[in-house]
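Asks: A single structure is presented below for examination.
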Amino acid sequence: MHTIKRINRFIMIPVSLLTTLAGILAFLAGYISPSACPFLMLWSLGMPLILLFNLILAIYWGINKKYWTFLSLAILFLNMDYLLSIFQITLSSSPTPAGATTFKIASYNVKTFKSWNNGYPTQFDITRYLQNARVDIACFQEYYNAPRLNADSLGKLMDLPYTAVSLLKNTPHQGTAIFSKYPITGQGNFPFDSPSNNAFWIDILIDGYPIRIINCHLETTNFNQKRKDIHIYAHADASNQIAAYENIAETLKNNTIQRAIQARMIHQLIDTTPHPVIVCGDFNDPPSSYTYHQIKKKLKDSFRSQGNGYAYTYRGIRHLLRIDYILYSPQLECLAYFSEEKEWSDHNPVICTMLIPRSYGTI
């Protein structure tokens, strides 16, 4: 008994205090701008492990009948919004009212149509998949506008005749794209100061109902490249290692700040749009992040509405990250959410069935 007391006093209590602090910092990361406190990004990314440690500690203290268990439980409740953003139990999809206006929308980072595993072209696989899923609107990030298979050709393959493409500043082929079954009545770009990421919006009419679709690919983390850099410099001398790690930290910080700026631009447009909005895209940030909270605000998260089980959309990093989203205005309803792993990209497609309630009214 004396040994257990010593373990609790010198090991378990300090560990509990540290994990509690980590849980608070991870929570604050969603609401404090990275410009004011960049290091909070690391706590945001570490949210899954932080909450796992708090759960283990809550069980440990509970078994030992100690009040410390309430401290760990408090952190779990504090971050309940995040937990509900990665795990849901939906017993059944919402019924579709008779005569209601519904449509199906997909968001997919297609990795320039090169397979994640072996680099083979994936245009036909992806378009066939979305056609079979009867998608009415498809939003692509990391889109590649191939000269021999351009947007118009892909649109025909998916039976989505209306197309809109926003290309990056320094390339005639890469960017983001939206394919639609419905007429496009307006379009605009966001002024991102980025050579590799962009976002744009279109207005469409669905049976007379105006809807704004925002498709965004926010500033990348460059995680895979930085992981390679870490491996390369692991065998370098100490001074080169320190310089490399400082460079990695500086890049991650700058990209996090850039995503926050981009998220505020998108929120400003959402806030000034008079009709319902749907935001699709690769945010490159998890639901615990400032980026996610800035864009979401009063919008609803389709996974939280109709998702089921554990959610991840990025296939790397042990399936720990959900960074691809379909968010929507509360005037709309989400009837179904679906996302499955496919070999065509390092991201999973996200597909939702949406309903326009009759109470919304027409133009």
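Asks: Taking region 96-123 only, how many residues are of a type outside the set (Ser, Thr, Tyr) and either surrounded by 14 or more Cβ atoms within 10 Å (Cβ to Cβ) or in contact with a Phe, Trp or Tyr (Cβ under 7 Å, 6 or more places away or on another chain) (or both)?
Replies: Within region 96-123, the subset of a type outside the set (Ser, Thr, Tyr) is 97-100, 103-106, 109-111, 113-114, 116-119, 121, 123.
Checking the rest, the ones that are also either surrounded by 14 or more Cβ atoms within 10 Å (Cβ to Cβ) or in contact with a Phe, Trp or Tyr (Cβ under 7 Å, 6 or more places away or on another chain) (or both) come to 103-106, 109-111, 113-114, 116, 121, 123.
Qualifying residue count for the region: 12.
Asks: Test of understanding: among LEU355, LEU320, which residue is crowded, with 18+ Cβ neighbours inside 10 Å and among the hydrophobic types (A, V, I, L, M, F, W, C)?
Replies: LEU355
Asks: Between ILE50, ILE24, ILE11, which is surrounded by fewer than 14 Cβ atoms within 10 Å (Cβ to Cβ), among the β-branched types (Val, Ile, Thr) and part of a helix (DSSP H, G or I)? Talk me through it step by step, then tell me what you get.
Replies: Details: ILE50 fails: surrounded by fewer than 14 Cβ atoms within 10 Å (Cβ to Cβ); ILE24 fails: surrounded by fewer than 14 Cβ atoms within 10 Å (Cβ to Cβ).
Result: ILE11 is the single residue among ILE50, ILE24, ILE11 that is surrounded by fewer than 14 Cβ atoms within 10 Å (Cβ to Cβ), among the β-branched types (Val, Ile, Thr) and part of a helix (DSSP H, G or I).
Asks: So, of the residues in region 137-154 that are polar (S, T, N, Q) and open to solvent by 30 Å² or more (accessible area, probe 1.4 Å), which turns out to be nearest to ASN198 (Cα to Cα)?
Replies: Filtering region 137-154 down to residues polar (S, T, N, Q) leaves 141, 145, 150, 153.
Those left that are additionally open to solvent by 30 Å² or more (accessible area, probe 1.4 Å): 145, 150, 153.
Details: ASN145: 15, ASN150: 19, SER153: 22 Å.
Filtering region 137-154 for residues that are polar (S, T, N, Q) and open to solvent by 30 Å² or more (accessible area, probe 1.4 Å), the one nearest to ASN198 (Cα to Cα) comes out as ASN145.
Asks: Here is a follow-up. Every residue in region 139-160 that is outside any helix (DSSP H, G or I), within 11 Å of PHE179 (Cα to Cα) and either of a type in the set (D, E, K, R) or touching a Cys at 6+ places or on another chain (Cβ under 9 Å) (or both), please. Before the answer, list the steps.
Replies: If we filter region 139-160 for residues that are outside any helix (DSSP H, G or I), which is where we start, we get 139-150, 158-160.
Retained after the next criterion (residues that are within 11 Å of PHE179 (Cα to Cα)): 139-140, 158-160.
Result: CYS139, ASP159.
Asks: Now for a separate question. May I ask you to verify whether ILE126 is open to solvent by less than 70 Å² (accessible area, probe 1.4 Å), in contact (Cβ under 8 Å) with a residue 24 or more places away in the chain, aliphatic (A, V, I, L, M) and under 23 Å from ASP282 (Cβ atoms)? Let's see the steps before the verdict.
Replies: On the way: open to solvent by less than 70 Å² (accessible area, probe 1.4 Å): yes; in contact (Cβ under 8 Å) with a residue 24 or more places away in the chain: yes; aliphatic (A, V, I, L, M): yes; under 23 Å from ASP282 (Cβ atoms): yes.
Taking the combined requirement at face value, the residue satisfies it.
Asks: Could you list, in sequence order, all residues of region 308-335 that are among the β-branched types (Val, Ile, Thr) and under 14 Å from the mean Cα position of the chain (by Cα)? Walk me through it before giving the result.
Replies: We begin by selecting, within region 308-335, every residue among the β-branched types (Val, Ile, Thr); these are 313, 317, 323, 326.
THR313, ILE323, ILE326, listed by residue number.
Asks: Let me ask something else. Given the condition open to solvent by less than 40 Å² (accessible area, probe 1.4 Å) and part of a strand (DSSP E or B), answer yes or no: does some residue in region 254-276 qualify?
Replies: Within region 254-276, none of the residues are open to solvent by less than 40 Å² (accessible area, probe 1.4 Å) and part of a strand (DSSP E or B).
Asks: Give me the residue from region 281-313 that is touching a His at 6+ places or on another chain (Cβ under 7 Å) and on the phi > 0 side of the Ramachandran plot and, out of that set, least open to solvent (accessible area, probe 1.4 Å).
Replies: Taking region 281-313 and keeping what is touching a His at 6+ places or on another chain (Cβ under 7 Å), we get 281-282, 294-295, 297, 312-313.
Okay, now just the ones that are also on the phi > 0 side of the Ramachandran plot, so 281, 297.
Details: GLY281: 0, LYS297: 103 Å².
Per the criteria, the residue is GLY281.
Asks: Can you name the condition, by its number, that ARG134 falls short on among (1) in contact with a strand residue (DSSP E or B) (Cβ under 7 Å, 6 or more places away or on another chain); (2) surrounded by fewer than 16 Cβ atoms within 10 Å (Cβ to Cβ); (3) on the phi < 0 side of the Ramachandran plot?
Replies: (3)
Asks: While we're here: Do any residues in region 308-319 that are touching a residue at least 24 places away in the same chain (Cβ under 8 Å) have Cβ atoms under 7 Å from those of residues that are open to solvent by less than 50 Å² (accessible area, probe 1.4 Å) and charged (D, E, K, R), where the two are at least six apart or on different chains, and which pairs are they?
Replies: Listed by first residue and then by second, the contacts come to ALA311/ARG322; TYR312/ARG322; THR313/ARG322; THR313/ASP324; TYR314/ASP346; ARG315/ASP346; GLY316/ASP346.
Asks: Within region 320-331, how many residues are under 18 Å from THR273 (Cα atoms), touching a residue at least 60 places away in the same chain (Cβ under 8 Å) and assigned to a loop (DSSP other than H, G, I, E, B)?
Replies: Residues meeting the conditions: 0.
The values are calculated or read from the model by the stated rules, or taken from the named source; none is laboratory data. Everything numeric in this text was worked out from a predicted model, so none of it was measured. Cβ sites come from the backbone with ideal geometry, for glycine too, and all protein chains shown count toward neighbours. The protein model used for the area step is the full one, side chains on, heavy atoms only, and it has no ligands, DNA or RNA in it. Shrake-Rupley method; radii C 1.70, N 1.55, O 1.52, S 1.80 Å.
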